Every structure is written in C-alpha cells, then in structure tokens.
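In what follows, a structure is listed as structure tokens, so that the remarks can point back to it.
The values are calculated or read from the model by the stated rules, or taken from the named source; none is laboratory data. Bear in mind the structure is a predicted one, so any value in this text is a computation, not a measurement. A quick note on method: Cβ atoms are made from the backbone with ideal geometry, for glycine too, and the neighbour counts reach across all protein chains shown. Keep in mind that these areas ignore ligands, DNA and RNA; they rest on the heavy atoms of the full protein, side chains included. Shrake-Rupley method; radii C 1.70, N 1.55, O 1.52, S 1.80 Å.
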Amino acid sequence: MEQKWSIRLIRFAAIFGIIGTYLGSHMSGQMDYSLRPIHAHILLVGWLSVFAWGIFYKVYRVKYKKLVSIHSILGMAGALGLTIGMWMYTLNPFNLGDTFVLVFFIVGGTLLLLAFALFVVITFLTEKTSER
C-alpha cells in the first residue's frame, strides 16, 4: 500500500513543482510579484510537503494501511484545494461569488490541516523493519 501511494504522491508533487517553478519564472519575467503567496504555497505545500510524504511512505511501513490512503487523499485534495482556493481568492478569474471562493479556500486549507495532523499520528504507527 505504501509503495503505491509513494509514487502517486511523488508524481503529484512533481506536477506542483513544475507549476510552481513556471509561475515563479513567469512572475520574474513580468516583474509582477503579486502571486508570490500562491507561488510559495504551490512549492511548499504541493511540492515539498507532498514529496516528503511520498518519500516517507517509500522508506517506512505503516501498521494501519488504510491510514496511508486516507492521508494521501486528504493531502492531495488539501494541497489542490488550498492553492486553487488562494488563486481564486486573489484573482477570482471566473467571477464566482465571494462566499463560494472563501469556502473553497477554507475547505482546502482545512483538508490540508487534517492531512498534517493525521501524518503526525502515522509517524508513531510505523512498523519496525530490517535495515534496507
């Protein structure tokens, strides 16, 4: 289970990595840094955190396998929801209602917070394995 989610998380992180670096490059080229917070969250949450979770699952075995799936889904949904929510909150490119955009942003952030909390629990539920 961990191996399957490890590669999924790493691939998801890689997508965020390319989006974040493209956004940084674009901002630099345009000399417009108004999207800095979104750029930072894409790279820190979407790339760095999700990648670290993928590596964790590659290295460690978790006692309760279902938690790996729950955490991974929460983490990916939260990273996606938070960063898209920030983008919509900042630019509102689709002219959606302010309430909808704010709720979308908050739900994404909440899912991500739950993923981090669950990850803390998971780190204490690893199985002892022989050295690799």
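Listed values, structure above:
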read-out	value
Which of Tyr22, Tyr33 is most accessible, then next, and so on - probe 1.4 Å	Tyr22, Tyr33
Accessible area per residue, Å², the chain with all protein chains present, probe 1.4 Å	60
Net charge of Cβ neighbours under 15 Å - reference Gly24; Lys, Arg +1; Asp, Glu -1	0
Dimensionless Rg/Rh of the chain - Kirkwood Rh, Rg from C-alpha atoms	1.05
Size of electric dipole in the chain: Cβ of Lys, Arg +1 and of Asp, Glu -1, about Cα centre, debye, nearest 20	660
Positive-pole candidate from Leu80, Val107, Ser69, dipole of the chain, charges at beta carbon	Ser69
Accessible-area composition of the chain, carbon plus sulfur, in percent [1.4 Å probe]	69
